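The values are calculated or read from the model by the stated rules, or taken from the named source; none is laboratory data. All of these numbers come straight from a predicted model, not from anything done at the bench. Neighbour counts run over all protein chains shown; Cβ positions are idealised from the backbone, glycine included. These accessible areas exclude ligands, DNA and RNA; they are computed on the full protein's heavy atoms, side chains included. Shrake-Rupley method; radii C 1.70, N 1.55, O 1.52, S 1.80 Å.
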Amino acid sequence: MSCEYCKPRKLIYEDDKTAAFMSDEPATIGHLVVIPKNHAPILEALDDGTTEKLFLAANKVSLALLESIKCEGTNIIINNGIEAGQDVPHISIQVLSRRNDDGIFFEWAGKKLTEEQMATIELQLKEELAKPVAKKEELIKEPKQDSKQESKPSADKTSDAKPAEAKPEDAKPKEAAEESYLTRQLRRIP
Amino acid sequence: MPDEKPNTEQCIFCQIISGKVSSRKVYEDERCVGILDINPANPGHVLILPKAHHGLSPMVPDDEMMALAIAAKRISFAQIRALNAQSTNIFIANGAAAGQKAPHMMIHVIPRKEKDGISCFTLPKNKLNTEDYEKLYKAIKTRMDERMR
């Protein structure tokens with residue numbers, strides 16, 4: 001695999017699931033990259049345990065930046081997908097040391113929405129988030145093998161995967177829908 | 001740097017969490033809530049707030065940070081599925097120098113689409129000479145190793 005982040009490097013930090021290293025193309029002096037050790041293209045391809053460890057590692061290296069190089073602030077950023085600025089097809093957290101005069105600004109013009117638009121979005125997100133957490137995270141752990149996974153029984157998951165709740169007959173169309181969703185997701189990977 | 005001591009009385013976000021100030025809440029678990037940003041970078045922009053008041057992310061205990069991580073992932077996923085976002089940005093600013101504007105630590109989750117006019121997450125790319133790189137590496141690594149001991 002030719003993934004830039006999968007290549008061996010000098011690390012700042014590592015644990016069983018994550019690693020942190022200095023960016024080759026730093027935005028600021030003191031720019032670290034935190035990655036899951038197992039290749040995963042986007043956040044949705046990570047299992048919950050790795051997601052937690054990734055955020056913890058980012059928070060730890062952020063503190064180490066504040067303490068070691070005496071910067072005035074830090075940013076912790078995930079660009080999850082091409083449209084969000086992701087340029088390496090391996091999900092990462094960018095941790096930037098910040099100084100008042102470094103010329104970087106995270107600013108956006110706030111969009112004005114009507115109360116009705118806001119209410120609609122609130123409802124849409126609430127409904128989506130109220131759905132039981134599907135085990136799709138595990139399904140896309142190795143997205144490159146999606147085509148193979150189609151023919152696999154749904155039971156091959158990771159150790160923390162729970163047994164499928166739906167009966168096999170019910171599960172089939174659901175999985176197909178999941179698959180097309182994943183295919184769509186994979187297209188947005190750089 | 002924002003005030004470090006808990007100030008639930010003055011903090012607007014603590015009042016939102018307690019329900020004294022209204023908000024559009026889309027997510028809640030034991031440790032955090034997700035509300036719609038009233039001044040969104042894009043429609044559907046969510047702020048995830050730990051229920052306990054923390055000024056900066058390094059002050060957030062590990063168990064709360066883990067809950068925030070899962071909330072961020074779930075909200076990002078919901079924006080993609082329910083709002084047809086193509087991508088998402090997840091963003092934390094620690095300190096005014098980093099663009100932090102509120103005294104309550106928060107995670108922004110911003111739904112993104114092609115050509116939506118947001119460009120700040122495309123980071124500038126610089127090169128460090130070997131000497132500066134090694135100096136920096138040593139300083140950060142030493143501190144990190146001390147912390148992990």
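In the range B:1-111, a dipole from Cβ-located charges (positive for Lys and Arg, negative for Asp and Glu) runs towards its positive end, and of B:Ala78, B:Val33, B:His53 it is B:Ala78 whose Cα lies farthest in that direction. Each chain gives up part of its surface: A and B jointly bury about 7300 Å² of accessible area, both sides summed, for a 1.4 Å probe. Shielding by partners for peptide A:39-50, expressed as the average number of C-beta atoms from other protein chains within 10 Å of each residue's C-beta, is 3. The calculated pair-distance distribution of the range A:6-134 uses every alpha carbon pair, bins of 10 angstrom beginning at 0, and gives 11, 34, 31, 19, 5, 0 percent. In chain B, the longest principal axis of the Cα atoms and the axis of helix B:62-82 are about 60 degrees apart. Loop-located GluC sites (Glu not before Pro) across the range A:59-137 with a Cβ neighbour count of 16 or fewer within 10 Å are A:Glu107, with loop assigned by DSSP. Relative to the longest principal axis of the Cα atoms of chain B, helix B:130-148 runs at roughly 60 degrees.
Between B:Asp63 and A:Glu14, the simple label model (points 7 Å from Cα in the Cβ direction) yields a spacing of 3.1 nm. Calculate the tail of P(r) for the range B:73-122: the fraction of all Cα-Cα distances greater than 12 Å, expressed in %. Result: 66 percent of Cα pairs exceed 12 Å. When the listed pairs A:Lys7/B:Lys135; A:Lys111/B:Lys25; A:Lys60/B:Lys127; A:Lys70/B:Lys73 are checked against a 27 Å cut-off, the alpha-carbon distance exceeds it for A:Lys70/B:Lys73. For the range B:5-44, a reduction of at least 20 Å² in accessible area between the chain on its own and the assembled protein chains (probe 1.4 Å) is found at B:Arg24, B:Lys25, B:Val26, B:Leu36, B:Ile38, B:Asn39, B:Pro40, B:Ala41, B:Pro43. Loop-resident trypsin sites (Lys or Arg not before Pro) (DSSP state other than H, G, I, E or B) in the range A:1-66 with no more than 13 further Cβ atoms inside 10 Å of their Cβ: A:Lys10. Between A:Val88 and A:Asn38, the distance separating the two model label sites (each 7 Å from Cα on the Cα→Cβ line) works out to 2.0 nm.
Computed over protein heavy atoms with a 1.4 Å probe, the carbon and sulfur contribution to the accessible area of the range A:23-137 reaches 53%.
What shape does the range B:9-75 take by its C-alpha gyration tensor, where a ≥ b ≥ c are the square roots of the eigenvalues and a/c under 1.5 counts as rounded, a/b above b/c as prolate, and the rest as oblate? In terms of gyration-tensor shape, oblate. Overall, the accessible surface of chain B at a probe of 1.4 angstrom is composed of carbon and sulfur to the extent of 50 percent. For the range A:33-135, chymotrypsin sites (Phe, Trp or Tyr not before Pro) are listed when DSSP marks them as loop and at most 12 other Cβ atoms sit within 10 Å of their Cβ; the list is A:Phe105. With every protein chain in place and a 1.4 angstrom probe, the accessible-area ranking of B:Val109, A:Val133, largest first, reads A:Val133, B:Val109. Think of a 1.4 Å ball rolled over the protein heavy atoms: chain B then has 46 Å² of accessible area per residue. The accessible area of A:Thr51, taken with all protein chains in place and a 1.4 Å probe, comes to roughly 0 Å².
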